[in-house]
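Here's the structure we're looking at; comments come further down.
No lab work stands behind these numbers, since they all come straight from the coordinates. From a predicted model like this one, the values you see are computed outputs, not experimental measurements. Methodologically, a virtual Cβ is constructed for each residue, glycine included, from the backbone with ideal geometry; neighbour enumeration extends over all protein chains shown.
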Amino acid sequence: MSSREIAELTGKAHDNVLRDARTLVKQGVLKSEETPYTHPQNGQSYPEFLLSQRDTLVLVSGYNAQLRAKIIDRWQELEGRVVGQFQIPTTFAEALRVAADQAEQNLQLQKVVEQQAPKVAAIKRLAAAGGAICITDAAKHLQLSPSKLFDWLEQHRWIFRRKGSRRWIAYQPRITAGLMKHKVTGLKPDAETGAERAAFDVLVTPKGIARLAELLLEGV
């Protein structure tokens, strides 16, 4: 169960649920880890916890009885769905059919894993690459034209331009998530005022390249 769903069920602010979970993690009580999720509407990444049943109940143990009851009822509903989807075989023939179906599903899953293995390996290599690179070089790694990657990044709110400027700027959430960064280059002082000037170039980090590869692989 996600911390976002817990917040929704209990009526608590998600930030408060995150705070409680982080406190329990520091105490060594929770075993679940904090992971990012991408908002489907704005494409931005936010933190959340994906909690096992045990960790969920530990987290809400400090809440009042009514809130704990809502969480427990939700878990029972989810478990009921899983049980309802599986019909226990009552005859030997049905058991053989279930076993055959499972073997076929496993075979199909294995084929998918084998097909995706080279792409997954490529993503891992990109993530292990050293240093941030410009968007044009990132496009080469991702086997895209630079113009297409620039368009994608702008459309999905990774980069933008200020009005009247030709320079690209990375959105702060992408920088905070470690996906992009800015390279600052000093320029000659202004001829008239003598004011110091600097140029900002957008760079994609190895983590950003790996994330882009995953998104492009998913067809996002």
About the Cα centre of region 139-189, how large is the charge dipole given +1 on each Lys and Arg Cβ and -1 on each Asp and Glu Cβ? Please answer in debye to the nearest 20. 260 debye
Checking the table Lys26/Lys70; Lys183/Lys207; Lys12/Lys70; Lys140/Lys163; Lys148/Lys207 against a 23 Å threshold on Cα-Cα, which pairs fail? Lys26/Lys70; Lys140/Lys163
Please report, largest first and rounded to whole Å, the three semi-axes of the ellipsoid equivalent to region 1-101, where each semi-axis is the square root of five times an eigenvalue of the C-alpha gyration tensor. 33, 18, 14
How much net charge surrounds Tyr46 when only other residues with a Cβ under 12 Å from its Cβ are counted (Lys, Arg +1; Asp, Glu -1)? -2
Which of Ser52, Gly62, Leu9 sits farthest toward the positive end of the charge dipole of region 3-85, with +1 on the Cβ of Lys and Arg and -1 on the Cβ of Asp and Glu? Gly62
Distant-in-sequence amide H partners of Glu48 (H built 1.01 Å from N, under 5 Å): Thr35, Tyr37
